[in-house]
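Colleague: Have a look at this one.
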Amino acid sequence: MNTKSADVEIRPAREDELPAAIEVLAHTFAQDRAVRSIMAHTGGQHNNVDFARAIYEIQVYGHYFPKGEVDLAIDDGEIVGVGLWARPNKQMSTPKFMALLPKYINLFRRAVPFVARREARTANAHPGFAHWYLFAIAVSSRVQGKGIGSTMLKHGLRRAGDAPVYLEASTPKSAALYRSLGFVELGPIEVAGDKLADPPEIAMWRPTPRDDD
């Protein structure tokens, strides 16, 4: 599925494009609260970008590329946006998580108990029926403010069709954007020991598609 808006094309990633896509994710989310919270619990000294890159390498190669959808926003031949989606009934299963566990332990080290609590709390916030899950949308800093993130989100919503869509809003600003596209709040996701989560992430979902999606 492809979408074109002005000079930007939204399309699925090829495997050879994943390293560049991961760079966009790493630089976009290097200062993300979730990344900083996990880093704070590792007890070690990390470069934010390197740490975020390592997280997304595991996520993209281990799950979202083989089992989900990795969308790219292409502007003049350059990857400027990345979206990671899980298909209905294809969220990361316990066996798949266990297969990736050695990589997570090697990366998170002392933060493993905190990450486990965080992942369990996040997983419990998901609706108990089949739904699409938007894990992340990242937009390169040089093109932020041009509506690329919104275009990518609408692309994913069209692909979802009549299926419900779930996501977590990390900021009040992003929650407002999601509300404008038909999402409703399910409530805050509070994690014990997460001192940087103020305010906490908000669980949101779109129960039915809107006419203007």
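Colleague: With respect to the numbered conditions (1) surrounded by fewer than 17 Cβ atoms within 10 Å (Cβ to Cβ); (2) of a type outside the set (Asp, Glu); (3) modelled with pLDDT of 95 or more, which one is the sole condition not fulfilled by Lys4?
Modeller: Condition (3) is where Lys4 drops out.
Colleague: Report yes if some residue within segment 90-105 is at pLDDT 90 or above, surrounded by 16 or more Cβ atoms within 10 Å (Cβ to Cβ) and within 30 Å of Met1 (Cα to Cα); otherwise report no.
Modeller: No.
Colleague: Identify the single condition in (1) β-branched (Val, Ile, Thr); (2) crowded, with 17+ Cβ neighbours inside 10 Å; (3) more than 13 Å from the chain's Cα centre (by Cα) that Val49 does not satisfy, given that it satisfies every other one.
Modeller: Answer for Val49: the failing condition is (2).
Colleague: In addition: Looking only at segment 161-184, filter to residues that are in contact (Cβ under 8 Å) with a residue 40 or more places away in the chain and not charged (D, E, K, R); which one of those is surrounded by the most Cβ atoms within 10 Å (Cβ to Cβ)?
Modeller: Val165
Colleague: State all residues of segment 29-38 that are out of contact with any Lys or Arg (no Cβ under 9 Å at 6 or more places or on another chain) and surrounded by 21 or more Cβ atoms within 10 Å (Cβ to Cβ); if no residue qualifies, say none.
Modeller: Once the filter is applied, which keeps residues that are out of contact with any Lys or Arg (no Cβ under 9 Å at 6 or more places or on another chain) and surrounded by 21 or more Cβ atoms within 10 Å (Cβ to Cβ), segment 29-38 yields only Phe29.
Colleague: Output the residues belonging to segment 1-38 that are among the hydroxyl-bearing types (Ser, Thr, Tyr) and either within 13 Å of the chain's Cα centre (by Cα) or closer than 17 Å to Gly147 by Cβ (or both).
Modeller: The answer is Thr3, Ser5, Thr28.
Colleague: In this structure, is Asp71 in contact with a helix residue (DSSP H, G or I) (Cβ under 8 Å, 6 or more places away or on another chain), farther than 15 Å from Phe108 by Cβ and modelled with pLDDT under 90?
Modeller: no
Colleague: If you check Ala125 against the conditions, is it surrounded by 15 or more Cβ atoms within 10 Å (Cβ to Cβ), over 20 Å from Thr3 (Cβ atoms) and out of contact with any helix residue (DSSP H, G or I) (no Cβ under 6 Å at 6 or more places or on another chain)?
Modeller: So Ala125 passes the test.
Colleague: State which residue pairs qualify: first residue over 26 Å from Asp71 (Cα atoms) and inside segment 18-46, second residue of a type in the set (D, E, K, R) and crowded, with 17+ Cβ neighbours inside 10 Å in any location, beta carbons under 6 Å apart, and separation of 6 or more residues or different chains.
Modeller: From residues that are over 26 Å from Asp71 (Cα atoms), the pairs are Ser37/Asp194.
Colleague: Which residue, of Leu177, Leu167, Leu181, Leu157, is out of contact with any Gly (no Cβ under 7 Å at 6 or more places or on another chain), at pLDDT below 95 and within 13 Å of Trp205 (Cβ to Cβ)?
Modeller: Leu181
Colleague: Further, regarding this structure: Assess whether Ala130 counts as being surrounded by fewer than 16 Cβ atoms within 10 Å (Cβ to Cβ) and free of Cβ contacts under 8 Å to residues at least 60 places away in the same chain.
Modeller: Judged against the criteria, Ala130 is a match.
The values are calculated or read from the model by the stated rules, or taken from the named source; none is laboratory data. Given the structure is predicted, the values throughout are model-derived calculations rather than measurements. Reconstructed Cβ throughout: ideal geometry from the backbone, glycine too, with neighbour counts over all protein chains shown.
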